[in-house]
1. Among the listed pairs Lys127/Lys153; Lys47/Lys103; Lys26/Lys172, which have their C-alpha atoms separated by more than 29 angstrom in this model?
2. Taking K and R as +1 and D and E as -1, what net charge do the other residues with C-beta under 12 Å from the C-beta of Phe232 add up to?
3. Leaving out same-chain residues fewer than 8 places away, which aspartates and glutamates sit with a Cα under 20 Å from that of Lys217?
4. As a test of the formula, what do you get for the chain when each DSSP H run with n ≥ 4 contributes -39,500 (n - 2.57) and the sum is divided by the residue count, at 222 nm and rounded to the nearest 500 deg cm²/dmol?
5. Pairs of Cα atoms under 8 Å, at least six residues apart: use those to get the relative contact order of the range 77-138, whole percent.
6. Helix 187-210 against the longest principal axis of the chain: what's the angle in degrees, Cα atoms only, rounded to the nearest 10?
7. Can you return the lysines within cross-link range of Lys155? Criterion is Cα-Cα under 19 Å, with same-chain partners fewer than 8 residues away left out.
8. If you average the sequence gap of Cα pairs under 8 Å that are 6 or more apart and divide by the length of the range 5-247, what percent do you get for the contact order?
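A short reminder: the numbers here are calculations on the coordinates, not readings from a lab. This one's a predicted model, so the numbers in the text were calculated from it and none came from an experiment. Virtual Cβ from ideal backbone geometry, glycine too; neighbours counted across all protein chains shown.
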Amino acid sequence: MENFKIGIIMIDEPFYSKEFILKMIKAYEVEFVILHTDFINLNRVIKTFFIYRLKKFVWTVVLVLRNSFNGGQINNLLKNHKIKTMKTNDINSLEVENFISDKDIDILISFNCPQKIKSNLLNLASKFPINIHLGYLPKYRGVFPIFHAFINKEKFVGVTIHIMNENYDDGKILIQKKVEIEESDDMLTLYEKTFSLIPDLTIAALNEVFKNNIDLKPNDKENGSYHSFPSFKEIIKYRKMTSRINKNK
């Protein structure tokens, strides 16, 4: 796979990204990584506080601040591997387009990017731009897909890797995998389970692309659903559903 070149758009966070980027570097020629810096907003912070509860929220904030103070776990890792890196708060800026345009990439990967990516960037990949979505598409497009699947008492959540276009979580599906929701699960345990699948699932998808052995599945909006940030009513429902679990932790 030494001639298979990829570019990655992601965020620098200390919880779920390290294993992903390490496996990408080992398996492929990573031409560049763009780190989106504007992934924290007031609405997300407020909703996360009420979902996580005080203890988990404070610990999360401490880890995020420590990661930033230390220069960023992912940023430091990329420096050590001498991979071209760019930081931006606007993925669709002319500066980003100029940065990518002179790179020769087969695949552009969006992993946890908080911003919709426009077609002028998506078209710079010679094969596909792909997105890694923490939901089992076509259901649960949008944000907090695991949260919404949980409060809707689904039997499973999942990870989907799909071709990207300008619409959120749209484009045909390359590969996806389910994760069963167990009685002891909450949103954070499901995050751990689903994020742990992403590195190997991404490699499996890219291997099929490289071999031209892809079997794209439909991602029909008619059979799907879209969700935004949780309402406080939904958060109260989640807290009631997980109150027993959190008492035992």
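1. Working: Lys127/Lys153 38 Å; Lys47/Lys103 38 Å; Lys26/Lys172 27 Å.
Table pairs above 29 Å Cα-Cα are Lys127/Lys153; Lys47/Lys103.
2. +3
3. Glu166, Asp169, Asp170, Asp200, Glu208
4. Result for the chain, helices only: -13000 deg cm²/dmol.
5. Values: 51 pairs, mean separation 19.3, N = 62.
Averaging sequence separation for qualifying contacts and normalising by length gives 31 percent for the range 77-138.
6. Once rounded, the angle reads 20 degrees.
7. Result set, ordered by chain and number: Lys139, Lys177, Lys178, Lys193, Lys237, Lys240.
8. On the way: 391 pairs, mean separation 50.5, N = 243.
It rounds to 21 percent for the range 5-247.
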